[in-house]
There are 2 protein chains.
Amino acid sequence: MLTCEESRILTTSVRQRRPAFDRENGVEIARRLFHASGYDAVGIADLTQALGIVPPSLYAAYGSKLGLFERVLQSYCANNTLPLEKHLRPGRPPAEALTELMVAAARHYTRDPEQLGCMVTEAMQADDQQARALAASLAKTGSDVIRSYVAQYAARKDVERIADYVLLNLRGLSSYARLGYTQKKLVDCSRTAGRALDAEFA
Amino acid sequence: MLTCEESRILTTSVRQRRPAFDRENGVEIARRLFHASGYDAVGIADLTQALGIVPPSLYAAYGSKLGLFERVLQSYCANNTLPLEKHLRPGRPPAEALTELMVAAARHYTRDPEQLGCMVTEAMQADDQQARALAASLAKTGSDVIRSYVAQYAARKDVERIADYVLLNLRGLSSYARLGYTQKKLVDCSRTAGRALDAEFA
DNA sequence: AAATATATATATCGATCGCTACATGCGTCG
DNA sequence: CGACGCATGTAGCGATCGATATATATATTT
């Protein structure tokens, strides 16, 4: 049984005056735009047109272009990043696991011709300084997972170098995916990159 | 002995009314700006301010922002690219030569904190479509040199894959240089990348 | 010296950037 | 009902984008 006060708070906080527009779906649509063209190249006009709203609605919902982009990045990380833990699960040869990770990245980055590469990785090279910072912060999470995985198998002095090598190749895969390289070429590159890991962990 | 007409053509084509401003030096200054910030992020105002001129002078001298950028890229390729032929000279183990090339790239890309990475490679990711096309055209020259070098040592079916792998790592080196990675880290990455080539050419 | 040609400087152009003040429509509440 | 609150639509903000029309200054040619 709710008190009168509790009931009032509940209804007012849950209630939606008007459906407005679907903000979650808006983030999804914006994600496609940002992924396809990058942060700088997508303007407010592009976003509002795609969302079927006018600028004030966008700013009321997300605060700013950067605010929307932050939500987009979070949504992307929650749903679209590589399942790092899946590929890097313990108990298998690390060179094999890391190679499989790079191959999976090659496939993932070329899955959809309009969503090429890794949005986080690419956003780290945006012209806008704040967008770069957002992306870098999110990218660090992934880098740390890879680094600490490598640390379980490699000598302390080699950890940083090997992790950097894998990350650099992932960066290259994302770039080349955006340049239009075929999935086959990128998978081949990933396998070739893996041969260095075979040598490292031999 | 020149005819009157020949003499006239000669003098009119050679003559310089006023020194105007030093266009070659202007290209040099613009090169630094474009290399530091990328094509999209450098505006006409930045350029004219750095050159100490006003917009009409810039347009009279170079035609357009893109025209100036084209001159900049050509100057860059003529003076600042890696000496591919030097590192890829014949008669040495190809894995060694290609590794040395990547190490040299790592050094070159981090030589000057304000000129990080490879300007051509980075320009291929510009938002402006025409700037991308210019850069891609120039980049192809370099790619072809590496590909045909690899073709001298690898089996036909492996050439494309190995060349792509090297190019992808060069792309990663340029990106990571721009992200602020230290020279040491990038050199380490290059050496690590070379281990895959050791295996390939073994 | 007069005429011509060139390069400069002044002062914008129209378009687009991210963003917002303001009025209106709509729904909820006293 | 009438007052209030919120999200919308209209219209436009100041700033910057790449690029220019126009006029002036300078230097060469006749």
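Listed values, structure above:
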{"item": "Answer from A:Ala106, A:Ala196, A:Ala126, A:Ala163 - the residue that is within 16 Å of A:Asn80 (Cα to Cα), surrounded by 20 or more Cβ atoms within 10 Å (Cβ to Cβ) and within 12 Å of chain B (Cβ to nearest Cβ)", "result": "A:Ala106"}
{"item": "Close pairs from region A:34-49: first closer than 17 Å to A:Gln74 by Cα, partner near DNA strand C (Cβ under 8 Å from one of its atoms) and of a type in the set (A, V, I, L, M), Cβ under 8 Å, at least 6 apart", "result": "A:Phe34/A:Val42"}
{"item": "B:Gln115, sole failed condition from (1) in a helix (DSSP H, G or I); (2) open to solvent by 10 Å² or more (accessible area, probe 1.4 Å); (3) of a type outside the set (Ser, Thr, Tyr)", "result": "(1)"}
{"item": "Single residue of region B:137-160 satisfying the filter (within 16 Å of the chain's Cα centre (by Cα) and open to solvent by 40 Å² or more (accessible area, probe 1.4 Å)) that is farthest from the other protein chains (Cβ to nearest Cβ)", "result": "B:Val145"}
{"item": "Residues of region B:42-62 classified as more than 8 Å from DNA strand D (Cβ to nearest atom) and open to solvent by 40 Å² or more (accessible area, probe 1.4 Å), total", "result": "5"}
{"item": "Residue, nearest to the other protein chains (Cβ to nearest Cβ), within region A:176-193, restricted to residues that are open to solvent by 30 Å² or more (accessible area, probe 1.4 Å) and hydroxyl-bearing (Ser, Thr, Tyr)", "result": "A:Tyr181"}
{"item": "A:Leu173 vs. criteria within 10 Å of another protein chain (Cβ to nearest Cβ) and part of a helix (DSSP H, G or I)", "result": "yes"}
{"item": "Qualifying residue in region B:100-110 (condition: at pLDDT 95 or above, assigned by TED's automatic domain parsing to the domain that holds B:Ser190, out of contact with any strand residue (DSSP E or B) (no Cβ under 7 Å at 6 or more places or on another chain) and of a type in the set (Val, Ile, Thr))", "result": "yes"}
{"item": "Test: residue in region B:3-13 that is at pLDDT 95 or above and either within 23 Å of B:Ala139 (Cα to Cα) or of a type in the set (Ser, Thr, Tyr) (or both)", "result": "no"}
{"item": "Check on B:Gly117, touching a helix residue (DSSP H, G or I) at 6+ places or on another chain (Cβ under 7 Å) and on the phi > 0 side of the Ramachandran plot", "result": "yes"}
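The values are calculated or read from the model by the stated rules, or taken from the named source; none is laboratory data. Note that the coordinates shown come from a computational prediction; the quantities given were computed from them, not determined experimentally. Because the Cβ atoms are built from the backbone with ideal geometry, glycine has one as well, and the counts that use them run over all protein chains shown. Surface areas here come from the heavy atoms of the whole protein model, side chains and all, with no ligands, DNA or RNA. Shrake-Rupley method; radii C 1.70, N 1.55, O 1.52, S 1.80 Å.
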